[in-house]
Amino acid sequence: MVDVKCLSDRDLQKQLKKLGFSPGPILPSTRKVYEQKLVRLLVPPPGTPPILTGPREPDGSTDSDDSEGSY
């Protein structure tokens with residue numbers, strides 16, 4: 001994991017944007033808040049299902065409404 005305290009302001013902002021968070025300006029008064037936010041985004045809370053980062057492989061099941069079958 002990245003040590004968020006070692007990131008430059010620009011790198012901290014890039015990492016937050018990469019994870020879908022749009023930070024405001026990173027100032028001495030806001031940096032700690034953004035560091036904590038990045039840590040929370042990088043480490044999901046226990047019991048949270050993993051986030052899929054790539055396209056899913058087809059599993060062969062059909063969930064479409066166009067299929068004809070018995071109910």
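Restricting attention to the stretch 30-40, does a residue exist that is modelled with pLDDT of 95 or more and either on the phi > 0 side of the Ramachandran plot or part of a loop (DSSP other than H, G, I, E, B) (or both)?
Yes.
Is one or more of the residues making up the stretch 47-61 modelled with pLDDT of 70 or more and either part of a loop (DSSP other than H, G, I, E, B) or at negative phi (or both)?
Yes, that holds for at least one residue.
Can you work out which of the residues in the stretch 13-26 that are closer than 12 Å to LEU42 by Cβ and touching a Leu at 6+ places or on another chain (Cβ under 7 Å) is least open to solvent (accessible area, probe 1.4 Å)?
Restricting to residues being closer than 12 Å to LEU42 by Cβ and touching a Leu at 6+ places or on another chain (Cβ under 7 Å), the top hit is LEU16.
The values are calculated or read from the model by the stated rules, or taken from the named source; none is laboratory data. Bear in mind that the values here come from a model prediction, so they are computed numbers and not experimental data. Methodologically, a virtual Cβ is constructed for each residue, glycine included, from the backbone with ideal geometry; neighbour enumeration extends over all protein chains shown. Calculation scope for accessible area: heavy atoms of the full protein, side chains included, ligands and nucleic acids excluded. Shrake-Rupley method; radii C 1.70, N 1.55, O 1.52, S 1.80 Å.
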